[in-house]
1. Just to be sure I understand, how many residues within region B:79-120 are crowded, with 16+ Cβ neighbours inside 10 Å and not hydrophobic (A, V, I, L, M, F, W, C)?
2. Can you name the residue in region B:252-288 that is farther than 27 Å from residue A:82 by Cβ and among the hydrophobic types (A, V, I, L, M, F, W, C) and, of all such residues, is nearest to the other protein chains (Cβ to nearest Cβ)?
3. Identify all residues within region A:371-427 that are within 14 Å of another protein chain (Cβ to nearest Cβ) and under 16 Å from residue A:355 (Cα atoms); write none if there are none.
4. Tally up the residues in region B:175-220 that are aromatic (Phe, Trp, Tyr) and touching a Ser or Thr at 6+ places or on another chain (Cβ under 9 Å), please.
5. Just for region B:163-199: of the residues that are more than 23 Å from the chain's Cα centre (by Cα) and surrounded by fewer than 18 Cβ atoms within 10 Å (Cβ to Cβ), which one is farthest from residue B:209 (Cα to Cα)?
6. Kindly indicate whether any position in region A:61-84 is at pLDDT 90 or above, under 22 Å from the mean Cα position of the chain (by Cα), more than 16 Å from residue A:39 (Cβ to Cβ) and crowded, with 16+ Cβ neighbours inside 10 Å.
7. With a cut-off of at least 2 residues that are more than 30 Å from residue A:421 (Cα to Cα), name the helices (runs of 4 or more DSSP H) lying wholly within region B:217-312.
8. If you scan region A:252-271, which residues turn out to be touching a residue at least 60 places away in the same chain (Cβ under 8 Å) and either within 13 Å of chain B (Cβ to nearest Cβ) or basic (Lys, Arg) (or both)?
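The values are calculated or read from the model by the stated rules, or taken from the named source; none is laboratory data. Please read all numbers here as calculations on a predicted model, not as lab measurements. Virtual Cβ from ideal backbone geometry, glycine too; neighbours counted across all protein chains shown.
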Amino acid sequence: MFGSKSRTVLAVLAIILVAVAFPIQRTSQAQGEVTGTLNVMGFSLPDEIATVRVDQFKAAYPDVTVNITEGALDEQQFLTAIASGNAPDVVYMGRDVLSSYAVRGAIVPLTECIDSMGIDMSQYREAAVAQVTVNGEVYGIPEFFNSIMLFINNKALADAGLTLDDVDVSDWDKVAEINQALTRIEDGTLTRIGFDPKLPEFLPLWAKANGVSLLSEDGRTAQLNDPRVLEALQFTVGLHEPAGGRQAFMAFRDTWDFFGAQNQMVSDQLGVFPMEQWYMNVLANVSPDADITFKAFTDREGNPLTYVTGNTWAIPRGSANPEAACAWMKTMTSVDTWVAAATTRAQMRAEAGTINTGVYTANRAADEVIFSEIVLPALTNETFKTGVEVILSVQDSAYAIPANPAAAEFKQAWQDAVNRVLNGEQTAEEALAQAQEEAQAALDEAWSQQ
Amino acid sequence: MTQQSAVVVRPFGRTTPLQRNEMLAGLAFISPWFIGFLVFTAGPMIASLGLAFTEYDVLNPPKFVGLQNFQRLLTDPRLGLSLGNSIFYTVLHVPLVMMVALGLALLLNRVGKAAGFFRTVFYLPSITPAVAVGALWLWILNPRIGLINRGLALLGIAGPGWTTDPNWIKPGIVLMSLWSVGSTVILYLAALRNVPPELYEAARIDGANGWQQFRHITIPMISGTVFFTLVVNTIASLQIFTEVYTMYFGNMNSGAAASAGLFYNIYLFRQAFEFLRMGYASAMAWLLFVIIMILTVIQLRTSNRWVYYEGA
């Protein structure tokens, strides 16, 4: 019926079919094995970025029933759930606290999950992966990637006779000068803050700009009493003085319509401040015509620098459905899922006639598609286009506080130190010396329990 | 009277069937509360006493460490700070709440027909969720645009930094606490309504003025309620948590309140659930229990000098 040539062709076709069919069958099997209920803790569905991704998971795994307990992670609820044997199947938490839970065994290493589901960890940004890696093992699949840049009020600059070139955070003397020039006090009342250094939360950024991390790379040694940290703290605290000190500064700052149309940039209440990129999205929504400029934050050498934060997915100890949890983490952070969510957002913004500044993920491969194919080609507002480009340019210069098992106490130590200085309770030297002692004691205690 | 006493002290085996039935019925009626108390209060208290001698992170089995947690209580500078803050707040809050509540109750007692309306108005804030109260008062206390400082400005007074000046953080929180004065007002109002009017009538005939009537009739006759509110408010003040946590500690960026607003229960909560030191937090809880117990005993011991019990 068939000649030898035909038989050869048929054989080759059969082999190709088998080869093609096999992975399909494997994938189907892998997805088919993922069944049951998936209880999710710490996650919410506030927008299309969340809902589209959840829908993607449900479509890929129709045999899994997803129960989401909406709301930010409640430590009390999480800990008692684990202690009582009622752990959620997957949990969403800040990357900064993941290591505290990892070293105590509250969440499990993902080695098996990564291998079995074939999760390509190289697609995620290194700084984010480092935050979820403890003792060489990955405990989390990173999600968002929040970077920092400078938000500049052009009107304030013009009023003070300054130009964008004057906003140069590599030159701290110049920062102090523009802060003075941009600060406005009318009839004894502060009406514009010149430069808000965003203390205490951005001390790690300022310290890193001055060449030092608050914590050693191995997460074991606090470096809060390093002279460069001291210099960064003294400098940034000093930036409150032209405004009349921290009290006047905060009393004014607390009145801003931060998330509204009359925000501090539009209302000319602030000159310059470093801020996370999500705030660009806020401004794009509430004041798209704001006269502002975005610029990269830099270290004192002039190199771009950002301090990153973000969340991660993790599997708690006692998860009843780790297979589904693993599939969830992979799906929620995969390129296709992110792109689907970003596409939906782009469509919704286009229909509403609002600006789309994109979604910034910890998945580098996803970001490449999102920004090159979806966001930037459609972004016509030059102000926000510049903002997007600035963020993309600094993402590879990211700094994060190294993973450590005493994350909460470490953070409390340095934040309280900053607050004591700002409140005039201690000098910067005294506060940092105390913080160093407290932080190191907490680190030593936590590491000793390994 | 003698017969009644004999019944009370009679051994269980010698009670009559009726008394036994009544006793069993009584026990049955209080059993829901009693079981609840055992399961949700006494049980956890005993467990926490045991945990106070351990190192326990909630996630792993507790390890016995002897008195280590109690030794730490003696050397922890933040413990002294937080306890001092709670005591400072209590000393300011309790007398102020009692005075304001009594003043309002006296006014309400004279209102007449509209008393029901005002009683509701004063009580309503007490049922506002504590988290909402905290968020609301951050605005009311805002030094620049808050209602309080705006009101002071009308009088030509430059208001303080209620939320930004460490020296004014606690007074600001005391002001906020007056928001829920309504429940104490209701108690005082009930007590005032129970004062026999003939006492005032007799006093007026004897020529007593308003202050003398208040001092020698009202105060003694409501002293039982005053004592009750003193004890309850003292305990509640030492345990203040939700409103202040919402205002200043929810996002770990406590600003001016980092030291001034660090109350005992906030520090205890952070030790337990943020720093995962449940053993140490348990020791802290027992220290607070002992302090409250001592204060309550002192209040009880001194009460016989100023609390008047009718028929005692």
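1. So the answer is 8.
2. B:258
3. First pass over region A:371-427, keeping only residues within 14 Å of another protein chain (Cβ to nearest Cβ): A:401, A:404-426.
The answer is none; no residue qualifies.
4. As a first pass, look at region B:175-220 and keep what is aromatic (Phe, Trp, Tyr): B:179, B:188, B:200, B:211, B:214.
Those left that are additionally touching a Ser or Thr at 6+ places or on another chain (Cβ under 9 Å): B:179, B:188, B:200.
Of the residues in that region, 3 qualify.
5. B:167
6. Looking through region A:61-84, none of the residues is at pLDDT 90 or above, under 22 Å from the mean Cα position of the chain (by Cα), more than 16 Å from residue A:39 (Cβ to Cβ) and crowded, with 16+ Cβ neighbours inside 10 Å.
7. Values: elements: B:219-238, B:257-260, B:264-269, B:278-306.
Counting at least 2 such residues, we get B:219-238, B:278-306.
8. Selection gives A:252, A:253, A:269.
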